[in-house]
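Beneath this line is the structure, given in structure tokens, with notes to follow.
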């Protein structure tokens, strides 16, 4: 744990003292049986006392920034409530608090704590809360290299929770956008296209968001071409023009038409020129550049490369910041 200030040291010591009391209270609670209930000292009361002590210990550790200790204390408090099944709402909130502490030091423990909270809140029909927690889990997976599949699955579950709450449609859309981007990253273009199409339909459902539909429609075309399916791209293009009469004459619609025609004709030069023209009007984002570059490579006639001399100094000094610019140059 990081070096503690005097105030934090005092809070940490307080947390340890309360935790010791909580452990003793837990031992008594778990041993409580029929005779103790006759004497007016039921297991339920003892568990509630232990839960309260664990929560106080968690609060003290949290003030001391002892995140792991706080997370463990909150988790124990939640378990005490589950032991007697008297207050599942408090148990869910305690596991939620535990996850927030664990996230700062051990994200995998945060996932476990939040999953317990989700199970409790889902039994109570608190779908928005479940969705937010599942979204937080998704973001943890998203930050871990090689966990894109887990992140996609988690975002899908978050969307399902948000869809069950009539006031959480915007949150569901935000999760779907992230999920679609991850699908593009792992080159699952067909599923990504389906997501982008759903996003476009969500936008078209409201006058306030209808203008945002065009960007999603364009990404459907990108995905279809990345999947090497120009027929599907042309079909979707026709459908979008029918659904949104402004799409065909908009910059996005004209660009999509140029891409489909150039790809179908296997005209890499026309494809690149269309990208260059669009980029001068509206800067292409990195994900679009990557997808369009893949499409262009698929229709580029390969030629025997000329041998090039390689400067070792240049090879060593290859700034990562220049990669996107180089990819854009190759595309256009």
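Coordinate-derived values only; no laboratory data. Since this is a predicted model, take the numbers as computed values, not measurements. Glycine also receives a Cβ, built like all others from the backbone with ideal geometry; neighbour counts cover every protein chain displayed.
Dimensions of the range 41-190 from C-alpha coordinates, computed as largest minus smallest value along each principal axis and given longest first, are 61, 32, 20 Å. Estimated from helical segments only, the mean residue ellipticity of the chain at 222 nm is -25000 deg cm²/dmol, where each DSSP H run of four or more residues counts as -39500 (n - 2.57).
Within 10 Å, count the other beta carbons around each residue, average over each peptide in 282-293, 58-69, and list them highest first. Present the calculation step by step, with values, prior to reporting the outcome.
Values: 282-293: 16.7, 58-69: 21.6.
Per-residue Cβ counts within 10 Å, averaged per peptide and sorted highest first, yield 58-69, 282-293.
The order of the peptides 202-209, 136-143, 9-16 by mean Cβ neighbours within 10 Å, most packed first, is 136-143, 9-16, 202-209. When restricted to Cα atoms, the range 147-205 yields an Rg and a Dmax of 11.1, 33 Å, respectively.
The modelled label-to-label distance between residue 186 and residue 208, using points 7 Å beyond Cα along the C-beta direction, is 3.3 nm.
Its Cα gyration tensor gives the chain an equivalent ellipsoid; the semi-axes, largest first and in whole Å, are 54, 26, 14. For the chain, the longest principal axis of the Cα atoms and the long axis of helix 67-84 meet at an angle of about 70 degrees.
If R0 equals 45 Å, the separation of the Cβ atoms of residue 250 and residue 115 corresponds to a calculated FRET efficiency of about 0.55. The angle between the Cα long axis of helix 268-281 and the main principal axis of the chain comes to about 60°, on a 0 to 90 degree scale. Per-residue packing, averaged as other Cβ atoms within 10 Å, sorts the ranges 170-176, 184-190 into the order 170-176, 184-190, beginning with the highest. The angle between the Cα long axis of helix 107-123 and the main principal axis of the chain comes to about 80°, on a 0 to 90 degree scale. The length gained by stretching the chain between residue 287 and residue 235 to full extension, at 0.36 nm per residue less their Cα-Cα distance, is 16.4 nm.
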